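Heads up, the thing below is written out as structure tokens.
Every number in this text was worked out from the coordinates using simple rules, so none of it is lab data. Treat the numbers as computed from the prediction; the structure is a model and nothing was measured. Here the Cβ positions follow ideal geometry from the backbone for every residue, glycine too, while neighbour counts run over all protein chains shown.
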Amino acid sequence: MNSLVANQVLGHLQGEQGYYLGLSFHPDELQAIRLLIEKQWIENIIKNAPDACEKFREYGIEKYHELSALLKHHTAWPKIKRVLPQNAVDYIRSTSLLKALEEIYGKFAISDEENLGREEFYWRLVRPNQSSDVGPLHADAWFWELDHGITPPGVTRVKVWAAIYCEPGLNGLRVVPGSHKKNWTYHGEYRDGFSKPKIDVEEADLNIILAETKPGDAIIFNDRMLHGGAVNHGKNTRVSIEFTMFVKKMLLPPPG
Ligand SMILES: O=C(O)CCC(=O)C(=O)O
Ligand SMILES: [Fe+2]
């Protein structure tokens with residue numbers, strides 16, 4: 001990692017765009033993370049649909065949607081069932097992506113807003129053509145403002161989303177470039193047992209684009225940037241992973 005890339009990342013996050021695309025997990029790392037996620041996925045399926053678990057195993061996580069009617073999808077996957085265990089945290093911490101982020105930001109902690117006692121790397125399942133599998137546009141900062149967790153003093157939150165299984169152009173993360181520069185209003189709305197933020201403007205009035213990500217690609221973004229999951233227009237279940245870095249400094253790149 002050279003300082004040019006570091007400055008580009010910092011520049012994009014605070015500059016015009018609000019996000020940076022260009023860092024990824026190495027293919028071997030992606031494969032290892034897939035196995036770690038699939039292990040947690042099948043363990044939860046064993047609890048929720050014990051008789052069908054062999055069938056899920058055979059189909060695999062990308063074809064999860066073909067079997068999801070065999071369990072209660074909407075109650076089977078609360079966030080705590082999708083926060084990876086400590087061995088996975090240790091592995092992901094050792095990957096080239098995390099090393100690159102440390103070169104950019106220096107050593108950083110990762111949030112644990114569910115108070116599970118470990119750094120939170122959590123994954124998501126978004127089935128094809130299921131609009132209820134994605135939430136509305138939001139800035140992650142709003143969740144913190146609505147008391148979903150405590151940010152230590154003297155740090156800036158920086159979010160990372162990475163595609164684990166996805167089909168570029170058909171699913172993934174929607175972003176609104178430059179939206180981190182505005183103070184959007186929102187209100188809290190009760191959903192899934194929590195007060196969750198809902199933006200006050202119509203999505204049709206925003207310049208929303210689908211970020212082009214291949215499996216393994218990460219999006220590093222300013223936690224005031226508007227974003228949200230895209231309805232999956234692909235053939236397979238989209239799987240992604242997220243975490244929030246608490247970075248000590250947010251250096252501005254040199255001008256020019
Ligand atoms: O992946 C999604 O559907 C939503 C992701 C998100 O909101 C985030 O990474 O902060
Ligand atoms: Fe988010």
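Compute the acute angle (0 to 90°) between the alpha-carbon long axis of helix 27-48 and the principal axis of greatest extent of the alpha-carbon atoms of the chain; round to the nearest 10°.
Between the helix axis and the principal axis of the chain, the angle is about 50 degrees.
In region 74-182, which trypsin sites (Lys or Arg not before Pro) fall in coil by DSSP and have 14 or fewer other Cβ atoms within 10 Å?
Taking region 74-182 and a limit of 14 other Cβ atoms within 10 Å, the loop trypsin sites (Lys or Arg not before Pro) found are 107, 182.
Apply the Karplus curve 6.51 cos²θ - 1.76 cosθ + 1.60, θ = phi - 60°, to the phi angles in region 90-107 and return the couplings in whole Hz, x for Gly and Pro.
Per-residue couplings from phi come out as 4, 5, 5, 4, 8, 6, 5, 5, 5, 5, 5, 5, 5, 5, 6, 9, x, 5 Hz.
Using alpha-carbon pairs under 8 Å, 6+ residues apart, how would you state the relative contact order of the chain in percent?
Across the chain, relative contact order equals 32 percent.
How high is the FRET efficiency from residue 200 to residue 99, r the C-beta distance, R0 35 Å, rounded to 0.05?
Efficiency at R0 = 35 Å is approximately 0.30.
How large is Rg over Rh for region 16-145, taking Rg from the Cα atoms and Rh as the Kirkwood inverse mean of 1/r across Cα pairs?
0.98
Report the FRET efficiency, 1/(1 + (r/R0)^6), for residue 131 and residue 87, where r is their Cβ-Cβ distance and R0 is 25 Å, rounded to 0.05. All intermediate terms of the calculation are to be shown ahead of the outcome.
On the way: r = 35 Å, r/R0 = 1.38.
So, using R0 = 25 Å, E works out to roughly 0.15.
Output the Kirkwood hydrodynamic radius of region 3-247, Cα pairs only, in Å rounded to one decimal.
After inverting the pairwise mean of 1/r, the radius is 18.6 Å.
Could you work out the helix-only [θ] at 222 nm for the chain, with each DSSP H run of four or more residues adding -39,500 (n - 2.57) and the total divided by the number of residues, to the nearest 500 deg cm²/dmol?
Taking each H run of at least 4 residues, the total per residue is -8000 deg cm²/dmol.
State which entries of 159/248; 47/159; 79/159; 159/235 exceed 20 angstrom in Cα-Cα distance in the structure shown.
47/159; 159/235
For the chain, which span is the longest to avoid every loop-located (per DSSP) member of GluC sites (Glu not before Pro) having at most 14 other Cβ atoms inside 10 Å?
Counting at most 14 other Cβ atoms within 10 Å as exposed, the longest clean stretch of the chain is 17-201.
Magnitude of the Cβ-charge dipole of the chain, K/R +1 and D/E -1, about the Cα centre, nearest 20 debye?
The calculated dipole for the chain is roughly 140 debye.
How much length is gained if the chain between residue 209 and residue 189 is pulled fully straight, taking 0.36 nm per residue apart and subtracting their Cα-Cα distance, in nm to one decimal?
Stretched out fully, the residue 209 to residue 189 stretch lengthens by 4.7 nm.
In nm, what is the difference between 0.36 nm times the number of residues separating residue 46 and residue 115 and their Cα-Cα distance?
22.4 nm
Once Lys and Arg get +1 and Asp and Glu get -1 on their Cβ, which of 126, 164, 152 lies farthest toward the positive end of the dipole of the chain?
152
When Lys and Arg each count +1 and Asp and Glu each count -1, what net charge do the other residues less than 14 Å away from residue 81, Cβ to Cβ, add up to?
Surrounding charge for residue 81 is +1.
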